[in-house]
Each structure stands twice: as C-alpha cells, then as structure tokens.
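The values are calculated or read from the model by the stated rules, or taken from the named source; none is laboratory data. Keep in mind it's a predicted model, so treat the numbers as computed, not measured. No Cβ is skipped: glycine too gets one built from the backbone with ideal geometry, and neighbour counts run over all protein chains shown.
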C-alpha cells in the first residue's frame, strides 16, 4: 500500500488543499514538509504524539521533515481551541521549553546527516519591523475572511485580543519563509490548524505565484469526541519525569473499548493486517488489544526496556498484585502524619490520585478504594505507620489504578 493510501486507511487524514496533488507528492516524490510546535509547556504531550508519528512515517518514506519550534509565535499565542487568552510566557521560559522539545523530538525524527531540519521561527519573527511587515505581508490578508476562520469565530463572543489576531499572519509567514529557504511545499498539522495552514498556502501563492499545499491530521479524540490525553492529574506527557512510563502505559491500557482499534491504527506502526486480527474481539478478549496498544506506544516513547517493565508490572498487578516495583509511587515523611496517622482522604490527594478531598470522599463512598487488599468504606479511615507492610502500602483506586506509598 502506498503512503497516502495507508494514511487514509489508518484514519489519519482530515483535510487537504488538493488531495490528488498531495497524494502524488507523498507517493511519487521526495518533498520537504513542515509541522510547527509552539513550546507553551516544558514537555510534549499526547496531542503532539500523533503528529510526531505521522512525521516519522513520512520521513521513513523518504520525505524530509522540518520541525519548526515556535519561539516567536509562542510570544503571541495561538487562539485556536482556547476560550481565553493563553498565559504570556517570557522569552527565557519559551527557550527553556523549546530545548526540552528538541530533546524529545529526537526520539521520533532522525535529524542526522540533513535527513530532517529543526528551526526556530524566533530567528525571523523577532527581528521583523512592524511597518514593513504590515506593508509586505499584512496587505495580503482580508480581515473579513479571517473573521470567518474557525479559530477566531469561537473567540469573538468572549473577546479576541489584537495580539492573538496576528497569529495567523505569523504562522502564514513561517510557511513563506520555509518555502523560500528550504523549498518546503507542504505544511502538516492537527485539523484545528486548518485555517492557519490555508493562510500560509495563500500567502505563498500571492507573493510568489507558486502552489504549495496543506494537510491536516485527524485530532486524537475518543469515540465521544473528547480530546484524548487527559487524566485526573492533568495532561499525559511524553516526559517520564512528568508522566512515568508505567502511568503512560496504564493510560493506553485503560482506553475505552470503542477507541482501542482506532488508536492502534492511528498511533502504532503495526501492519494494518495485524491490527485487523484484533477487530473482532469483544469483552475481556479486547484487553489483549489494549495491552498491545499500551506496550507499542510505551516502547515508542520510552524505549523497549521501560515498556517491558510496565507490561510486566501491569500483568502481575492484574493477577497477584505482587509486583509493585514499577508502580507509580509516593514517599511519605514524618511530616505527613498527624499523631502517627494519615487519613485515607489525605493519602489519595497526597498521591495525586484525586485532585481534592471532596473527590477522594466520593471515591471512598462509591467503594472505589482498596488499600493492601482491603476495601475502604469509611471516609474517616486513617492509616498508622504500623500499617505499612515492609514499608509500603498498595493503593488500588477503581479497577485499574494502582499506586505504591512508601514510608
């Protein structure tokens, strides 16, 4: 199966500016394409993960990726998908985040020997002269048309700042710059970037009379349309310090039945024929597909050794619950105890298993807490230091979340 057809078969392609031309470019040519990443946090997350795997697919097929770090655009802030203006970051924060992004991207994209390029749009955006930019670039944009873009429409009622209104011009200018410098002919991104991508293709056409193209990928959502990659503790990060390999594994092991096959197709590099063998599974049998999904994705992000550890820990927990070595864990000190005891509700919050004591109370009242194989039903339950067998407690929240507490 050719590359473009495989991307479609995996459900990855959302929109294209010219499907026939893009199909020919990806199947028959070797092109330079780019995807932008605004370093708004100190780690990439699951939302970036899908885009990185598609970039990897294109590179494996002989195309050259440009990973564009948005050191300049992050100073402005993308209004797409946001109900309020993004938090303004300092130049130092953005640079620090960008450095972390570089390190993580190297796990997916091969930057050796010119096989891929990494650039930062701060190199050209931060030196722009405002009046020249308005005269040379702003003249090509229709405000009326921009206001119909989905990324702006959702913000107009609550208020769209002028600085955010400039974001589309900045991203479009990136495409122009990369076209002129590297011969980049295709911009790729999540489907929420469609309006911004169209701005770039139109700008290149108006300035140079050349046709370049845009391709968006399906957003990673559940079967109910909710964005994937969120837990009670927040985003699922690719940084093992923020989301441990075990937690990362467990997130994918616990996806809904309706989502597992789609995730296998979109995110793993397993052959479609092999994935098809899982499609007929139902009920408990579908857990085999979930375990495979969790293993493959953990291996991609954290390496085979960490994937094996997480897989072994998960399997033993679902059987004997004896292996806690690779579980997420929390260390307690004497300061965490009051009169030699710690309340169950405080323990859940301390371990990050619930965001608040009120949520912890709900978990206990609904019978969702087991500590050292004993169900906890009393919201006033406390644990003394003597309850820590061999210096640890094993907490089970719900059916699938395990946590080790050390003292």
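I want to confirm something. Restricting to segment 388-407 and keeping residues that are outside any strand (DSSP E or B) and surrounded by 15 or more Cβ atoms within 10 Å (Cβ to Cβ), which single residue is nearest to the chain's Cα centre (by Cα)?
For segment 388-407, the residue satisfying everything is 407.
Name every residue in segment 195-226 that is in contact with a helix residue (DSSP H, G or I) (Cβ under 7 Å, 6 or more places away or on another chain) and closer than 21 Å to residue 7 by Cα, in order of residue number.
Matches in segment 195-226: 212, 213, 214, 215, 216, 217, 218, 219, 220.
Which residues, counting only those in segment 30-42, are part of a loop (DSSP other than H, G, I, E, B) and under 19 Å from residue 122 (Cα atoms)?
Result: 38, 39, 40, 41, 42.
Go through segment 235-258 and give me each residue that's under 16 Å from the mean Cα position of the chain (by Cα) and closer than 27 Å to residue 194 by Cβ.
235, 236, 237, 238, 255
For segment 120-131, give me each residue that is surrounded by 10 or more Cβ atoms within 10 Å (Cβ to Cβ) and out of contact with any strand residue (DSSP E or B) (no Cβ under 7 Å at 6 or more places or on another chain).
122, 123, 124, 125, 126, 128
For residue 210, work out the one condition from (1) free of Cβ contacts under 8 Å to residues at least 40 places away in the same chain; (2) not assigned by TED's automatic domain parsing to the domain that holds residue 105 it doesn't fulfil.
Of the numbered conditions (1) free of Cβ contacts under 8 Å to residues at least 40 places away in the same chain; (2) not assigned by TED's automatic domain parsing to the domain that holds residue 105, the odd one out for residue 210 is (2).
Kindly check whether there is at least one residue in segment 16-29 that is at pLDDT 95 or above, touching a strand residue (DSSP E or B) at 6+ places or on another chain (Cβ under 7 Å), over 29 Å from residue 88 (Cα atoms) and assigned to a strand (DSSP E or B).
Yes, because at least one residue in segment 16-29 is at pLDDT 95 or above, touching a strand residue (DSSP E or B) at 6+ places or on another chain (Cβ under 7 Å), over 29 Å from residue 88 (Cα atoms) and assigned to a strand (DSSP E or B).
Just one of 68, 160, 128, 75 is modelled with pLDDT of 80 or more and in a loop (DSSP other than H, G, I, E, B); which is it?
Only one candidate passes the filter, namely 128.
Residue check: is residue 146 under 18 Å from residue 78 (Cβ atoms) and modelled with pLDDT of 90 or more?
no
Of (1) under 20 Å from residue 42 (Cβ atoms); (2) touching a residue at least 60 places away in the same chain (Cβ under 8 Å), residue 91 satisfies all except one. Which?
The number of the failed condition is (2).
Consider segment 47-65. How many of its residues are more than 16 Å from the chain's Cα centre (by Cα) and either modelled with pLDDT under 95 or in a loop (DSSP other than H, G, I, E, B) (or both)?
The number of residues fulfilling the criteria is 3.
Which of the residues belonging to segment 199-226 are assigned to a helix (DSSP H, G or I) and under 19 Å from residue 12 (Cα atoms)?
Selection gives nothing.
Residues checked against (1) buried (at least 16 other Cβ atoms within 10 Å of the Cβ); (2) in a strand (DSSP E or B); (3) at pLDDT 75 or above:
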| position | (1), (2), (3) |
| --- | --- |
| 295 | yes, no, yes |
| 299 | yes, no, yes |
| 305 | no, no, yes |
| 313 | yes, no, yes |
| 320 | no, no, no |
| 326 | yes, no, no |
| 330 | yes, yes, yes |
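Counting just the residues of segment 272-286 that are in contact with a helix residue (DSSP H, G or I) (Cβ under 8 Å, 6 or more places away or on another chain) and outside any loop (DSSP other than H, G, I, E, B), which one comes out farthest from residue 252 (Cα to Cα)?
272
Under the condition of being out of contact with any helix residue (DSSP H, G or I) (no Cβ under 7 Å at 6 or more places or on another chain) and more than 19 Å from residue 341 (Cα to Cα), which residue from segment 354-372 is surrounded by the most Cβ atoms within 10 Å (Cβ to Cβ)?
Within segment 354-372, the match that is surrounded by the most Cβ atoms within 10 Å (Cβ to Cβ) is 368.
Is it true that some residue in segment 249-263 is over 30 Å from residue 348 (Cβ atoms), modelled with pLDDT of 90 or more and crowded, with 17+ Cβ neighbours inside 10 Å?
Yes: segment 249-263 contains one or more residues that are over 30 Å from residue 348 (Cβ atoms), modelled with pLDDT of 90 or more and crowded, with 17+ Cβ neighbours inside 10 Å.
Within segment 245-271, how many residues turn out to be touching a helix residue (DSSP H, G or I) at 6+ places or on another chain (Cβ under 8 Å), within 22 Å of residue 190 (Cβ to Cβ) and in a loop (DSSP other than H, G, I, E, B)?
Counting residues in segment 245-271 that are touching a helix residue (DSSP H, G or I) at 6+ places or on another chain (Cβ under 8 Å), within 22 Å of residue 190 (Cβ to Cβ) and in a loop (DSSP other than H, G, I, E, B) gives 3.
Could you identify the single residue in 184, 151 that is crowded, with 20+ Cβ neighbours inside 10 Å, modelled with pLDDT under 85 and touching a helix residue (DSSP H, G or I) at 6+ places or on another chain (Cβ under 7 Å)?
Result: 151 is the single residue among 184, 151 that is crowded, with 20+ Cβ neighbours inside 10 Å, modelled with pLDDT under 85 and touching a helix residue (DSSP H, G or I) at 6+ places or on another chain (Cβ under 7 Å).
Kindly indicate which of 57, 64 is in contact (Cβ under 8 Å) with a residue 24 or more places away in the chain and either buried (at least 21 other Cβ atoms within 10 Å of the Cβ) or in contact with a strand residue (DSSP E or B) (Cβ under 7 Å, 6 or more places away or on another chain) (or both).
64
When you look at residue 92, is it in a helix (DSSP H, G or I), closer than 27 Å to residue 294 by Cβ, at pLDDT below 95 and assigned by TED's automatic domain parsing to the domain that holds residue 28, yes or no?
no
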